[in-house]
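Here's the structure we're looking at; comments come further down.
The values are calculated or read from the model by the stated rules, or taken from the named source; none is laboratory data. It should be emphasised that the depicted structure is a prediction, and the values quoted were computed from it without experimental measurement. Note that we place each Cβ from the backbone using ideal geometry, even for glycine, and neighbour counts take in every protein chain shown.
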Ligand code: SF4
Ligand code: SF4
């Protein structure tokens with residue numbers, strides 16, 4: 001019997017939700033497990049890095065890497081898995097566009113370390129001890145991965161063949177992706193494995209989205225009685241739908257919460273945050289600077305709202321401090 005195709009899963013800077021989404025395949029995971037050999041999946045199976053190093057280059061059909069890249073270890077694993085895999089897939093928002101971890105690019109490495117190890121209210125660290133990448137303890141060398149200055153998406157570190165978007169990708173998209181890989185009928189390299197249309201195009205509330213949107217006030221969802229039938233933007237609640245790729249079956253919207261943008265932009269959008277900013281700015285219903293200011297003050301965290309999942313891949317990418 002011929003060997004089954006080999007697949008691998010790995011996680012970098014992520015919350016673990018993408019790993020959960022693989023388990024969310026439920027009984028379909030048996031179908032996947034029958035069709036492939038999972039040769040590396042640290043969260044679920046006891047394989048080590050040396051096992052991957054021992055594999056011939058290109059011997060894994062496909063590796064799905066979730067999480068963004070922040071540490072030297074994640075960088076090394078990305079290069080190792082790239083070398084061993086015929087196809088490398090950026091799995092989930094963090095690998096695809098930097099994800100929530102890349103919001104840390106608003107701060108320098110020093111600001112982050114100082115806050116976490118010295119200034120956070122729950123920290124007691126009078127000697128200001130910080131983890132060191134290299135340390136000797138009783139003559140034994142101990143090492144830790146280095147904390148890099150920027151959070152990067154997977155394709156900012158190694159070449160990526162395909163992207164599965166979402167925070168996390170849906171089990172349906174994952175199953176489709178695995179079946180596509182096994183069929184050998186591969187889409188062009190660089191394809192995002194989800195429809196290339198905006199969330200609004202398939203939104204169950206699209207008929208209620210005003211053609212000429214006028215926003216008098218931005219409301220926060222948790223302070224608002226949300227009408228479950230009407231477009232969020234028509235209610236003054238920021239919805240990233242116009243700037244976000246579809247494919248999640250409008251999960252948040254069906255749960256009466258606005259889209260926060262986890263599927264990333266469509267192929268026609270270069271910068272997801274700039275796209276929604278331009279849509280919203282032209283809808284602010286005011287002329288005088290102080291009235292405009294007052295309406296915009298309703299957006300409490302603009303970077304966290306417009307670039308929640310995509311700061312690493314935005315045009316600005318990070319805050320530069322001199
Ligand atoms: S803005 Fe949001 S709620 Fe309105 S149609 Fe688009 S996706 Fe749906
Ligand atoms: S509605 Fe938006 S935020 Fe929610 S899962 Fe879909 S793409 Fe992600």
| field | Single residue of 228, 188 found to be within 16 Å of ligand 2 (Cβ to nearest atom), farther than 14 Å from residue 266 by Cα and surrounded by fewer than 12 Cβ atoms within 10 Å (Cβ to Cβ) | value | 228
| task | Can you give me the number of residues within the stretch 244-285 that are within 10 Å of ligand 1 (Cβ to nearest atom) and outside any loop (DSSP other than H, G, I, E, B)? | result | 4
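Here are 189, 214: which of them is more than 9 Å from ligand 1 (Cβ to nearest atom), in contact with a strand residue (DSSP E or B) (Cβ under 9 Å, 6 or more places away or on another chain) and modelled with pLDDT under 95?
Working: 189 fails: modelled with pLDDT under 95.
So the residue among 189, 214 that is more than 9 Å from ligand 1 (Cβ to nearest atom), in contact with a strand residue (DSSP E or B) (Cβ under 9 Å, 6 or more places away or on another chain) and modelled with pLDDT under 95 is 214.
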| task | Out of 247, 273, report the one residue that is in contact (Cβ under 8 Å) with a residue 40 or more places away in the chain and touching a strand residue (DSSP E or B) at 6+ places or on another chain (Cβ under 9 Å). | result | 247
| task | Specify the residue that is nearest to ligand 2 (Cβ to nearest atom); the eligible residues are those in the stretch 253-267 that are surrounded by 15 or more Cβ atoms within 10 Å (Cβ to Cβ) and over 18 Å from residue 94 (Cβ atoms). | result | 253
| request: Return a yes/no flag: does the stretch 282-301 have any residue that is surrounded by 14 or more Cβ atoms within 10 Å (Cβ to Cβ), within 16 Å of ligand 2 (Cβ to nearest atom) and either under 24 Å from residue 101 (Cα atoms) or touching a residue at least 40 places away in the same chain (Cβ under 8 Å) (or both). | output: no
| request: Only residues that are loosely packed, with under 14 Cβ neighbours inside 10 Å and modelled with pLDDT of 90 or more: list them for the stretch 21-42, please. | output: 37
| said: Looking at the stretch 195-208, can you tell me whether even one residue there is in contact (Cβ under 8 Å) with a residue 24 or more places away in the chain, under 30 Å from residue 4 (Cα atoms) and surrounded by 12 or more Cβ atoms within 10 Å (Cβ to Cβ)? | reply: yes
| query | Are any residues in the stretch 220-243 modelled with pLDDT of 95 or more, within 20 Å of residue 273 (Cα to Cα) and more than 10 Å from ligand 1 (Cβ to nearest atom), and if so, which ones? | reply | 236
| If you scan the stretch 58-109, which residues turn out to be surrounded by fewer than 17 Cβ atoms within 10 Å (Cβ to Cβ), in a helix (DSSP H, G or I) and in contact with a strand residue (DSSP E or B) (Cβ under 9 Å, 6 or more places away or on another chain)? | 72, 109
| So which of 315, 311 ends up being surrounded by 20 or more Cβ atoms within 10 Å (Cβ to Cβ), more than 16 Å from ligand 1 (Cβ to nearest atom), within 17 Å of the chain's Cα centre (by Cα) and modelled with pLDDT of 90 or more? | 311
